[in-house]
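Peer 1: I'd like to ask you about the structure that follows.
Please treat every number below as a calculation from the coordinates, not as lab data. Since the model is a prediction, treat every value here as computed from it, not as a measurement. Because the Cβ atoms are built from the backbone with ideal geometry, glycine has one as well, and the counts that use them run over all protein chains shown.
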Amino acid sequence: MINSLRGMNDILSEDYERFTYFINTATGIAQKYGFHFIQTPLLEETALFKRSVGESSDIVGKEMYQFIDKGENDVCLRPEGTAGVVRAFVQKKLDRAGGIHRFFYHGAMFRYERPQKGRLRQFHQFGVESFGEASVYEDATMIMMVGDILKKLGIGYRLKLNSLGDNNCMPDYRTKLVGFVQECKDGICEDCIRRLDTNPIRVLDCKNEKCQELYVGAPKLIQHLCSTCSDDFGTLKKILQENSIAYEIDTNLVRGLDYYSKTAFEFVSDNIGSQSAIAGGGRYDRLVEFLDGRATPAVGFAMGIERLMELIVMPESKREGYYIGAMESEAIDFIVKLAHKKRADYKVTIDYKAKNLKNHLKAADKANAKYCAIIGSDELKNSNIWVKNLENQTEQTVLIEDF
Ligand code: HAM
């Protein structure tokens, strides 16, 4: 038997209902916020992710599904959605058009990680990206949008917030941090030693407990922000407070992708185990330029759909449409025709086997139909159909032409 690859799941039946319920809910909210759908390819040039997510990140360094295609192109399955959307934004010359451009997307992402609960190799994200708005109000709006989606789905969360500074204040801070970490270099893990050369800020979210103990006294970035970054961070906190969105400052929140500046945030759930991040995002004002576009401020987020599916409180599913069945086999052709007509306006489930009434009622209940409509030999003779409303349990026999 051939099974699906490790960390790659099928989505069907009840899971699919949850999946589409999530997509519909998130799409509806993104549209209310004025975002438009964008779809980018699953496969992109590897260079796109090297330049955006960053060669020093785990995602690019260790987790890419990368290969040389038949035309000798170095390509990979997208590990995340932002880079592709930025590429499309630049390729379509929207960076030159000016104004604000807001997109949402959803689809499969691929990371060759060690699979465990909540961590897959093929997973799905719903994301949004906003281009052209430098105001921190847009950052707050992103956070509110995630909050609205989670609220609509009945999902509780904690919001973690940090500022990663900008070109003005980050370099000085980086130097201070490197100085601090050099002092305790003998006790830190190999990954952190490597990070010192590649991307020192990432030592802050090292999962090694010993490293974390050593970094307790490390300089904090939010205490070294320049006045612009500090004012923006203050405004962001004020907007969130005014809109009753609770947050925790997490000075170690640096995110696993290299393109962020200023605002960084993550929504976590305490109810799904160790892979607790259900959404993450932030500002990335320099990425459009990195990908050869005209400098354009940008901010966005992405939510992990599989993790959210564990938490969604589904609305009670209402009975819908018709179940049509026949008690005699000579009526089957007739009910097929009837179902075809009814499907113009309703969901119709049909059984091609003649059955007794009790079995049809059971099947109609299983199909969650609102009406069970049955044709027996009497009904066929008299051009009637027997209909039971499964919600209020009333029954009637009506002429086919009135059905
Ligand atoms: P990210 O934090 O890497 O951000 O991923 C966003 C979300 O995707 C995570 O919070 C998590 O819920 C889900 N996720 C990530 N990896 C996996 C996995 N292996 N299995 C299951 N779920 C996973 C980004 O991808 C950025 N592009 C977000 C962004 C958009 N920033 C700005 N705009």
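Peer 1: Which angle between 0 and 90 degrees, to the nearest 10, do you get for helix 227-242 versus the longest principal axis of the chain when only C-alpha atoms count?
Peer 2: With both axes taken from Cα atoms, the answer is about 30 degrees.
Peer 1: By how many degrees, between 0 and 90 and to the nearest 10, does the Cα long axis of helix 13-32 differ from the longest principal axis of the chain?
Peer 2: Relative to the chain, helix 13-32 is tipped by roughly 60 degrees.
Peer 1: May I pose another question? Could you pull out every one of the aspartates and glutamates with an alpha carbon less than 19 Å from that of Lys362, ignoring same-chain neighbours closer than 8 positions?
Peer 2: Of all the aspartates and glutamates, those that pass the test against Lys362 - Cα under 19 Å, at least 8 places apart if same chain - are Glu320, Glu328, Asp351, Glu391, Glu395.
Peer 1: Let me ask another. Would you mind checking which residues have amide H under 5 Å from Glu80's amide H? H placed 1.01 Å from N; only 5 or more apart, or other chain.
Peer 2: For Glu80, the qualifying residues are Phe110.
Peer 1: Quote to one decimal, in nm, the extra length available between Ala97 and Glu328 on full extension: 0.36 nm per residue of separation minus the C-alpha distance between them. Please list the in-between numbers first.
Peer 2: Working: separation 231, 0.36 × 231 = 83.16 nm, distance 6.67 nm.
That pair, Ala97 and Glu328, stretches by 76.5 nm at full extension.
Peer 1: In whole Å, how far is the Cα centre of the stretch 180-211 from that of the stretch 322-342?
Peer 2: 70
Peer 1: Can you run phi through the Karplus equation (6.51, -1.76, 1.60; θ = phi - 60°) for the stretch 195-212 and list ³J(HN,Hα) in whole Hz, with x for Gly and Pro?
Peer 2: Per-residue couplings from phi come out as 4, 4, 8, 8, 8, x, 4, 6, 4, 4, 9, 4, 7, 6, 4, 5, 4, 4 Hz.
Peer 1: Unpartnered cysteines of the chain (Cβ-Cβ under 4.7 Å counts as a partner)?
Peer 2: Result for the chain is Cys76, Cys184, Cys189, Cys192, Cys229, Cys372, no neighbouring Cys Cβ within the cutoff.
Peer 1: Tell me which residues come under 5 Å, amide H to amide H, from Tyr215 once H is placed; ignore anything under 5 positions away on its chain.
Peer 2: none
Peer 1: Which trypsin sites (Lys or Arg not before Pro) does the stretch 120-172 hold that lie in a coil by DSSP with at most 16 other beta carbons within 10 Å?
Peer 2: Values: sites: Arg121, Lys151, Lys152, Arg158, Lys160; in loops: Arg121.
Nothing satisfies the criteria.
Peer 1: Which one, Gly84, Gly293, Gly34, has the greatest fluctuation when you compute a Gaussian network model over the chain with C-alpha springs under 10 angstrom?
Peer 2: Greatest mean-square fluctuation among the candidates belongs to Gly34.
Peer 1: Give me the orientation-averaged projected area of the Cα convex hull of the stretch 56-199, in nm², one decimal.
Peer 2: Working: hull surface 51.7 nm².
Average of the hull's projected areas for the stretch 56-199 equals 12.9 nm².
Peer 1: Now, a different point. Can you give me the distance in nm between label points at Val313 and Asn24, each placed 7 Å from the Cα along the Cα-to-Cβ direction?
Peer 2: 1.9
Peer 1: A follow-up question, please. So for Phe67, Phe103, Phe89, fewest C-beta neighbours within 10 Å to most, what's the order?
Peer 2: Working: Phe67 12, Phe103 22, Phe89 25.
Exposure proxy ranking, most exposed first: Phe67, Phe103, Phe89.
Peer 1: For the stretch 107-113, take each phi angle, set θ = phi - 60°, evaluate the Karplus expression 6.51 cos²θ - 1.76 cosθ + 1.60, and give the result in whole Hz per residue in order, putting x for glycine and proline.
Peer 2: Taking θ as phi minus 60°, the curve returns x, 7, 10, 10, 9, 7, 9 Hz for the stretch 107-113.
Peer 1: Alpha carbons only, please: Rg and Dmax for the chain, in angstrom.
Peer 2: When restricted to Cα atoms, the chain yields Rg and Dmax of 27.4, 94 Å.
Peer 1: Pop out the ³J(HN,Hα) list for the stretch 92-100 in order, Karplus 6.51 cos²θ - 1.76 cosθ + 1.60 with θ = phi - 60°, rounded to Hz; leave Gly and Pro as x.
Peer 2: 7, 6, 6, 5, 8, 6, x, x, 9
Peer 1: Using the Cα gyration tensor of the stretch 332-403, with a ≥ b ≥ c the square roots of its eigenvalues, what is the shape: rounded (a/c below 1.5), prolate (a/b larger than b/c) or oblate (neither)? Could the numbers behind the result be given before it?
Peer 2: On the way: a/c = 1.23, a/b = 1.15, b/c = 1.07.
Rounded, because the longest to shortest axis ratio a/c is under 1.5.
Peer 1: Quick query: amide H of Asn384 versus all other amide H atoms, modeled in the peptide plane; which residues come in under 5 Å with a sequence gap of 5 or more or a different chain?
Peer 2: Under 5 Å from the amide H of Asn384 lie the amide H atoms of Ile400, each far enough along the sequence or on another chain.
Peer 1: Can you tell me the orientation of helix 332-342 relative to the chain, as the angle in degrees between its alpha-carbon axis and the longest Cα principal axis, to the nearest 10?
Peer 2: It works out to around 50 degrees.
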